[in-house]
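What follows is a short report on a single structure.
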Amino acid sequence: MQDEYLDFVSTYIESISETLRSISLKIHDNPELNFKEFIAHETLTKFMNTRKGWKVTPSAYRIKTAFIAVYDSGKKGPVISFNAEYDALTGIGHACGHNLIAIASVGAALAAGAAISKFNLPGKVILFGTPAEEGGGGKIALLNAGAYSDHGVDINLISHPGKVKDSALVRTNAYVNTKIEYFGKEAHAAAAPWEGINALDALITAYNALSVLRQQTMPGDIIQGHITDGGAAPNIIHAYAAGIFVVRATSKKRLEVLKAKVDKCFEAGAEATGAKLQMTHIMGYDDHVPNKAMGRVCRAVMNKLGSNIPTEHLDLIEGATQASTDQGNISYAMPSLSPGFRIESVEGPHNPGFAEAARTREAHDVALRVGKALAVTGLEVLSDEDLLKAVKEEFEEMLKEH
Ligand SMILES: [Zn+2]
Ligand SMILES: [Zn+2]
């Protein structure tokens, strides 16, 4: 069926290309941050409401800028879903190209819905509007609220632009972000320093311990931090010091091991100085584990449309990035795929140059190509029982390994 689906989906997505372009530009020209994507939310929900057969829930699960749109065939069957991101970055606009992610997923969902009707298929197509990817964990909020489980979602698909080669099997790092605080005691730093407890010394001791730890870490392990509070004045023993530290690793499992070692360094600072340590979890994302069975379909379609994605083994290596995404948490809750697509850009993501690149007509065309591949991947999973079984078996195996 792949070719028939692809023909239909391509024609469908091309027919709404200009509308998708105007949505993409509207989002791009109005960059909005974590959970404040009001213009994007309104633009997308309004548009989805105009599409026949789609039932739209704005501000889903009491998350103001999240939404859910459902296309139901009326016949019991698999539930395929797509995530749309639309948040921007502080000061540099859509430098992660989430406007393109949004239209690729919207196009894919609509095309899949239309195909269900055309080919008389059972099941449902769901589009999730997922805010706050840039550190806010919008998808985690939706997962925890039950948005995916309530809808009985079988698989989830999304994509991401970049400046490197196309990849069907993008893997990302797991990360955890922690606030570190030390509480000491003030004293006159010259007249009676022995009466004080130096919280900054605790933090510096921990920082140095981390620097030593870095010599024994594994490839892919990353530890970075900054000091947000370094005491009040040089003539007062510092009663308070604080910092934010980010730890990353190639998998959730490895992150647990590394984080335990990092925590020991913070405890060492407290032990050495007598300051009281407080660690507060801020946010963390799991690594993204791509589903290879879905990747095979997606790769075949993307290559038909002009990509040159290598074989699975090589794609898995080339598709690894040290960046993180909350799609990682999705990949531990259900089979997930997040192909990466290359847009023409001198600069990479999180640079203003990439924001410019994400606005071009060329980037739009590439995003729609990926939308077509996502739609066909979803439709194959929806209509091929054996494929859905293989996708799920692989997912279960992955959970055991991880
Ligand atoms: Zn980003
Ligand atoms: Zn991004």
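The values are calculated or read from the model by the stated rules, or taken from the named source; none is laboratory data. Predicted model only: the values in this text are computed from it and were never measured. Here the Cβ positions follow ideal geometry from the backbone for every residue, glycine too, while neighbour counts run over all protein chains shown. In case anyone asks, the SASA skips ligands and DNA or RNA and just uses the protein heavy atoms, side chains included. Shrake-Rupley method; radii C 1.70, N 1.55, O 1.52, S 1.80 Å.
Restricting attention to the range 63-96, the residues being touching a residue at least 12 places away in the same chain (Cβ under 8 Å) and more than 16 Å from ligand 1 (Cβ to nearest atom) number 19. Looking across the range 95-124, the residues that are within 16 Å of ligand 2 (Cβ to nearest atom) and not in a helix (DSSP H, G or I) come down to Ala95, Cys96, Gly97. Residues in the range 125-155 that are within 16 Å of ligand 2 (Cβ to nearest atom) and part of a loop (DSSP other than H, G, I, E, B): 8 in all. State whether one or more residues within the range 38-48 are among the polar types (S, T, N, Q), under 28 Å from Leu382 (Cα atoms), in contact with a Ser or Thr (Cβ under 9 Å, 6 or more places away or on another chain) and assigned to a strand (DSSP E or B). Within the range 38-48, none of the residues are among the polar types (S, T, N, Q), under 28 Å from Leu382 (Cα atoms), in contact with a Ser or Thr (Cβ under 9 Å, 6 or more places away or on another chain) and assigned to a strand (DSSP E or B). All conditions in (1) in contact (Cβ under 8 Å) with a residue 12 or more places away in the chain; (2) assigned to a helix (DSSP H, G or I); (3) of a type in the set (Asp, Glu) hold for Glu32, with the sole exception of (2).
The condition (being among the β-branched types (Val, Ile, Thr) and within 16 Å of ligand 1 (Cβ to nearest atom)) is satisfied by just one residue among Ile309, Ile343, Ile317: Ile343. Just one of the numbered conditions (1) open to solvent by less than 70 Å² (accessible area, probe 1.4 Å); (2) assigned to a loop (DSSP other than H, G, I, E, B); (3) touching a helix residue (DSSP H, G or I) at 6+ places or on another chain (Cβ under 8 Å) is not true of Ala206: (2).
Here is a yes/no grid of residues against (1) among the hydrophobic types (A, V, I, L, M, F, W, C); (2) buried (at least 20 other Cβ atoms within 10 Å of the Cβ):
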site: Pro161; (1), (2): no, yes
site: Val164; (1), (2): yes, no
site: Ser167; (1), (2): no, yes
site: Thr172; (1), (2): no, yes
site: Pro193; (1), (2): no, no
site: Asn198; (1), (2): no, yes
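Applying the condition of being hydroxyl-bearing (Ser, Thr, Tyr) and open to solvent by 40 Å² or more (accessible area, probe 1.4 Å) to the range 219-261 and asking which residue is nearest to the chain's Cα centre (by Cα) yields Thr250.
Listed conditions (1) out of contact with any Cys (no Cβ under 6 Å at 6 or more places or on another chain); (2) surrounded by 17 or more Cβ atoms within 10 Å (Cβ to Cβ) are all met by Thr377, apart from (1). Scanning the range 277-292 for residues that are over 18 Å from Tyr175 (Cα atoms), open to solvent by 20 Å² or more (accessible area, probe 1.4 Å), touching a Gly at 6+ places or on another chain (Cβ under 8 Å) and in the same structural domain as Leu203 (by TED's automatic domain parsing) turns up at least one hit.
The rows are residues; the columns are (1) closer than 29 Å to Gly348 by Cα; (2) assigned by TED's automatic domain parsing to the domain that holds Gly295.
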{"position": "Asn156", "(1), (2)": "yes, yes"}
{"position": "Ser167", "(1), (2)": "yes, yes"}
{"position": "Ile180", "(1), (2)": "no, no"}
{"position": "Ala191", "(1), (2)": "no, no"}
{"position": "Leu200", "(1), (2)": "no, no"}
{"position": "Thr205", "(1), (2)": "no, no"}
{"position": "Pro219", "(1), (2)": "yes, no"}
{"position": "Phe245", "(1), (2)": "yes, no"}
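Would you confirm whether or not the range 180-187 contains a residue that is among the hydroxyl-bearing types (Ser, Thr, Tyr) and open to solvent by 10 Å² or more (accessible area, probe 1.4 Å)? Checked the range 180-187: no residue is among the hydroxyl-bearing types (Ser, Thr, Tyr) and open to solvent by 10 Å² or more (accessible area, probe 1.4 Å).
Once the range 121-137 is narrowed to residues that are of a type in the set (D, E, K, R) and in contact with a Ser or Thr (Cβ under 8 Å, 6 or more places away or on another chain), the residue that is most open to solvent (accessible area, probe 1.4 Å) is Lys124. Right, Ile309: open to solvent by less than 20 Å² (accessible area, probe 1.4 Å), on the phi < 0 side of the Ramachandran plot, more than 15 Å from ligand 2 (Cβ to nearest atom) and outside the structural domain of Ile222 (by TED's automatic domain parsing) or not? Yes, satisfied. The single condition among (1) in a helix (DSSP H, G or I); (2) surrounded by fewer than 17 Cβ atoms within 10 Å (Cβ to Cβ) that Gly269 does not meet is (2). Residue count for the range 104-135 under the criterion of being within 13 Å of ligand 1 (Cβ to nearest atom) and touching a Lys or Arg at 6+ places or on another chain (Cβ under 8 Å): the result is 1. Looking only at the range 323-338, residues that are over 14 Å from Leu142 (Cα atoms) and within 12 Å of the chain's Cα centre (by Cα) come to 6 in all. Go through the residues of the range 275-282 one by one and say whether even a single one is in contact (Cβ under 8 Å) with a residue 12 or more places away in the chain, touching a helix residue (DSSP H, G or I) at 6+ places or on another chain (Cβ under 6 Å) and not in a strand (DSSP E or B). Yes: one or more hits.
Of all the numbered requirements in (1) more than 15 Å from the chain's Cα centre (by Cα); (2) under 28 Å from Gln2 (Cα atoms); (3) within 16 Å of ligand 1 (Cβ to nearest atom), Ile101 misses one, and that requirement is (1).
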